[in-house]
Amino acid sequence: MKKYLAEMVGTMVLVLMGCGTAVALGCDSTVGANTASVVGTSLAFGLAVVAMAYTIGGISGCHINPAISLACFLTKRMEAKDFLMYVLFQVIGAFLGAGILSALVGSETGLGANAVQAANNVGVGQAVLAEVVFTFVFVLVVLGTTDSKKGAGNFAGLAIGLSLVLVHLACIYFTGTSVNPARSIGPAVLAGGNALSQLWIFIVAPLAGAALSAFVWKLIGEEK
């Protein structure tokens, strides 16, 4: 139970700090908008992962993302029961983080929820492709850096956090960047509206990207 609770707390912190920064800085992905807000939001998500990696990594592995848990399950790093429980507690943590943020700023702010960035002429197909590709990249970094034989050891948390910064910098333009179904579910459900109607994109696409990363890692990273 400790590792499930750790996942809950870690995901809560990720959503609260990442989405909270997006709201506080008024993150706007449109061309010519405040670039500093995009950079700041990207850093917030990455730093939240780094902080939690070195806080709960020794307890749960610090997935705090159903996409990562799916990839770990598909690469046989965790059992089905743990996978399901991780996802459940990650989603609970996301609701807690979004709930705290809502209490602070109100759900009308959007709570940093993901959405197809139509203002940038991004369509649903492009949004799905972006989430699949960027989740694939992010989760592949996770699988590689945490590999017991080929991984980055104590530097894994730093590498993963920095890769999430990079992914946000590239992907905010398209979707506001999810690459994490739990991170999207909490804010979307509480904010409602367009974010909720598009939520399926930020569940299906990241999971598909994670499955692809597991397949590729088996090809290039495993000895057999």
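The values are calculated or read from the model by the stated rules, or taken from the named source; none is laboratory data. Source: prediction; values computed, not measured. Here the Cβ positions follow ideal geometry from the backbone for every residue, glycine too, while neighbour counts run over all protein chains shown.
Quick notes on this structure:
- Any hit, the stretch 152-159, residues being more than 21 Å from residue 10 (Cα to Cα), within 18 Å of the chain's Cα centre (by Cα) and either surrounded by fewer than 24 Cβ atoms within 10 Å (Cβ to Cβ) or among the aromatic types (Phe, Trp, Tyr) (or both): no
- Whichever residue in the stretch 100-118 is among the small types (Gly, Ala, Ser), over 22 Å from residue 166 (Cα atoms) and touching a residue at least 24 places away in the same chain (Cβ under 8 Å) and, among such residues, is surrounded by the most Cβ atoms within 10 Å (Cβ to Cβ): 110
- Residue satisfying condition, being free of Cβ contacts under 8 Å to residues at least 40 places away in the same chain, among the aliphatic types (A, V, I, L, M) and more than 17 Å from residue 158 (Cα to Cα), within set 5, 70, 25, 16: 25
- Identification of helices (runs of 4 or more DSSP H) wholly contained in the stretch 163-224 with 2 or more residues that are within 18 Å of residue 145 (Cβ to Cβ) yields 201-220.
- Residue in the stretch 101-133 that is farthest from residue 71 (Cα to Cα), counting only those that are assigned to a helix (DSSP H, G or I) and within 18 Å of the chain's Cα centre (by Cα): 101
- Out of 132, 165, sole residue that is buried (at least 16 other Cβ atoms within 10 Å of the Cβ), out of contact with any Ser or Thr (no Cβ under 7 Å at 6 or more places or on another chain) and touching a residue at least 24 places away in the same chain (Cβ under 8 Å): 132
- Looking across the stretch 26-59 at every residue that is modelled with pLDDT under 95 and touching a Gly at 6+ places or on another chain (Cβ under 8 Å), the one that is nearest to residue 170 (Cα to Cα) is identified as 29.
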